[in-house]
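Take a look at the structure below.
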Protein chains: 2
Amino acid sequence: MLTLYHYVNSLCSQKVRMCLAEKGLDWQSRHVHLGKFEQWQPAYTRINPKGFVPALDHDGRILIESNVIIEYLEDSFPDTRLRPKDAYARALMRRWTYDSEEIGHANANALSHNRFHAPGWAQRFTPQQLQDFLTTCPYPMLAARYGRRLAHGVSAAEEETAYAAFGFLFDQMEAALANGPWLAGDDYSLGDIAVTPSVKRAEVLRPSVLDPARRPLMADWWRRIQARPAYKLAFSFPDPDQAGR
Amino acid sequence: MLTLYHYVNSLCSQKVRMCLAEKGLDWQSRHVHLGKFEQWQPAYTRINPKGFVPALDHDGRILIESNVIIEYLEDSFPDTRLRPKDAYARALMRRWTYDSEEIGHANANALSHNRFHAPGWAQRFTPQQLQDFLTTCPYPMLAARYGRRLAHGVSAAEEETAYAAFGFLFDQMEAALANGPWLAGDDYSLGDIAVTPSVKRAEVLRPSVLDPARRPLMADWWRRIQARPAYKLAFSFPDPDQAGR
């Protein structure tokens, strides 16, 4: 039995949902509402001491970190192969899973603060309540970031750095796609899956970053990604905040 | 032929040197002096467009990112096995390779700024020269961090957050070591190798963080790590700044 602790709009959750969909695996949903800070409640930090989603429970064994989870799914359910056989192609794949965190997730998260996170929090909570949540955060690095954002938000300069980082990532992807249809070369892989949520978020935030005239190979890759049934399934998980509207 | 682009005191370089040593592999050294900003010169950014070390050249194929490189070495030279066979143990291993970057490297780098990086730079360069190097940095996220540190250094509050993050990491390691002699359980693995440079740096910076009374299992693990010939080899690479002194 696979049970996924996840949040509808979390990039790292989307990554794992897309991998599960590619492999055609059934899973139980445990939705952890980040907008209500459920991820820092003891019921969840027993599962993931960092207070992040996603986490995967496979027959009682807990896994954390989205990149770790998708390689575990590949190791455990290899029938639909999402990792190249060749060692060098695997390394190329892992470069993209790595950058999906270092560049993609870090900057998409920063850029989502002013547009999505802060307004969502303000609808539900008072400034004092938001400050009180800080004391519930179990992970020092996350607490420091949350505290900084409560105090200062994300500045225009930080946002421009984040868009520049996306530009760097997308330039690297364009260069990689000159060597094959997918990021690791011939084979569609976990690398393509891993960066997909960040690309989608970047497009939502500033559509011009995906200008096909500037990066035609990436634009073609992006069309092929969005046409995959697994993409559609991963991104169609129902948003509980939209229920009944 | 394996050629490693690395720097003597870079944590991520130490990680790869230790992996190479465990596997008994011969390699050619291309030392990239971070204290002289050689990593941002075009001769090197052609190898690694991020301007980070290490990078590995294996028969003309270039690999970047230390965690990617050590899994590649495992895939390519599996005779000395450093990755468990069991899928769950592999996932545990990868949780530590992941955290060696997210927690270990990020915080060790921050804590090394005031103690090592800034004084080293000031010995070699004027403030204007240091500012000029900013324009040579190829990677927007790194440029932003370097610019912030030139302007503001690393504050005492940031340092305390970094030590708290190490405390979190070490608590997690202590908990993991209750399940076996090594971080992924029964088998010594890339997970143990990956966190080693950060543990060593933390000990240099603030020896009390490794208080054996507080985390006895980790203290025992640390003694066993330091006794390994591969550890000694990885950390004995000659420092060119010490040559002839």
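The values are calculated or read from the model by the stated rules, or taken from the named source; none is laboratory data. Every value quoted in this text rests on a predicted model; they were computed, and no experiment measured them. Virtual Cβ from ideal backbone geometry, glycine too; neighbours counted across all protein chains shown. Just so you know, the surface numbers come from the protein's heavy atoms only, side chains and all, with ligands and any DNA or RNA stripped out. Shrake-Rupley method; radii C 1.70, N 1.55, O 1.52, S 1.80 Å.
Which of the numbered conditions does A:ARG145 fail, given that it passes all the others? Conditions: (1) closer than 19 Å to A:PHE116 by Cβ; (2) within 11 Å of chain B (Cβ to nearest Cβ); (3) touching a residue at least 12 places away in the same chain (Cβ under 8 Å); (4) open to solvent by 20 Å² or more (accessible area, probe 1.4 Å).
For A:ARG145, the exception is condition (3).
For the range B:169-222: of the residues being touching a helix residue (DSSP H, G or I) at 6+ places or on another chain (Cβ under 7 Å) and of a type in the set (Val, Ile, Thr), which is farthest from B:LEU233 (Cα to Cα)?
Here the answer is B:VAL209.
If we keep just the residues of the range B:20-65 that are small (Gly, Ala, Ser) and within 14 Å of chain A (Cβ to nearest Cβ), which is surrounded by the most Cβ atoms within 10 Å (Cβ to Cβ)?
Filtering first and then ranking leaves B:ALA55.
With respect to A:LEU233, determine if the residue is touching a residue at least 12 places away in the same chain (Cβ under 8 Å) and open to solvent by 50 Å² or more (accessible area, probe 1.4 Å).
When the stated conditions are applied, A:LEU233 passes them.
Could you grab me the full set of residues in the range B:162-196 that are free of Cβ contacts under 8 Å to residues at least 12 places away in the same chain and at the interface with chain A (Cβ under 9 Å from one of its Cβ atoms)?
Across the range B:162-196, the qualifying residues are B:ALA164, B:ALA175.
Quick grid of which residues meet (1) over 21 Å from B:GLU71 (Cβ atoms); (2) of a type outside the set (Gly, Ala, Ser); (3) out of contact with any helix residue (DSSP H, G or I) (no Cβ under 8 Å at 6 or more places or on another chain):
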| site | (1), (2), (3) |
| --- | --- |
| A:PRO54 | yes, yes, no |
| A:HIS58 | yes, yes, no |
| A:ILE64 | no, yes, no |
| A:ARG94 | no, yes, no |
| A:ASP99 | no, yes, no |
| A:PHE116 | yes, yes, yes |
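B:ALA108 - would you say it is within 10 Å of another protein chain (Cβ to nearest Cβ) and under 30 Å from A:SER66 (Cβ atoms)?
The answer is no for B:ALA108.
Each row is one residue, and each column tells you yes or no for (1) in a helix (DSSP H, G or I); (2) more than 8 Å from chain A (Cβ to nearest Cβ).
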position: B:ASN67; (1), (2): yes, no
position: B:LEU73; (1), (2): yes, yes
position: B:PRO78; (1), (2): no, yes
position: B:ARG81; (1), (2): no, yes
position: B:ALA89; (1), (2): yes, yes
position: B:ARG95; (1), (2): yes, no
position: B:GLU102; (1), (2): yes, no
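Which of the residues that make up the range A:192-207 are within 15 Å of A:TRP221 (Cα to Cα) and open to solvent by 40 Å² or more (accessible area, probe 1.4 Å)?
Result: A:LYS200, A:GLU203.
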